[in-house]
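*Asks:* For reference, the structure I am asking about is given below.
Please treat every number below as a calculation from the coordinates, not as lab data. Computed from a prediction, not measured in an experiment: that's the story for all the values here. Ideal geometry is used to build each Cβ from the backbone, glycine not excepted, and the neighbour counts take in all protein chains shown.
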Amino acid sequence: MNFQPNIPPQPAEKYYVVVALLTLAMGLQNVTIRKVGGLNIYTTFVTGSLVKFAESTADFIFWIRDRMQGGFKLRARRILWILRRNMDFRHMALTGSLRTTYMLGALCGGFAGDRYQMLAMSVPLVVLFVITIYGSLRPFIVLVAEQW
């Protein structure tokens, strides 16, 4: 199967406008989404999030191993009870869910873009618009002046 893109040549001005808009969007995302539930997250580059996921997973596995020495049943129940407060588990769950969400979004975007072309962009734009309006009316978190 020979893949041939059917993208007509575009003028240089369009290219620079698209690159500038993408850069602006990534910059806004990087500044806006810095912390979730007190945890630092990296949303604009994959490697930082993957490294944090791997570190948190390794630390969590060692934490579980240290806690499981002794009676298995009693220890397992106790670990499940205190699991949600473990920072390594929270980092692992957060960064893992970010990666999963990105992959699902890429798959859905690829299929929708192939079938609906530019109309496929309307769904993420509407979702972002609704979240933005909701967040401006009812802020998700209250920032303290020292955080800036």
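*Asks:* Given the Cα-Cα distance of residue 106 and residue 126 and 0.36 nm per residue of separation, how much length would full extension add, in nm?
*Replies:* 5.5 nm
*Asks:* Here is a follow-up. What percentages make up the Cα-Cα pair-distance distribution of the stretch 25-69 when the bins are 5 Å wide from 0?
*Replies:* Reading upward from the zero bin: 5, 20, 19, 20, 13, 10, 7, 4, 2, 1.
*Asks:* For the stretch 41-141, what size does the Cα cloud have along each of its three principal axes, sorted from largest down, in whole Å?
*Replies:* Here the spans come out as 58, 34, 25 Å, largest first.
*Asks:* Going by average Cβ neighbours within 10 Å, how do the peptides 44-52, 126-134 rank, with the highest at the top?
*Replies:* Most protected by this proxy first, the peptides run 44-52, 126-134.
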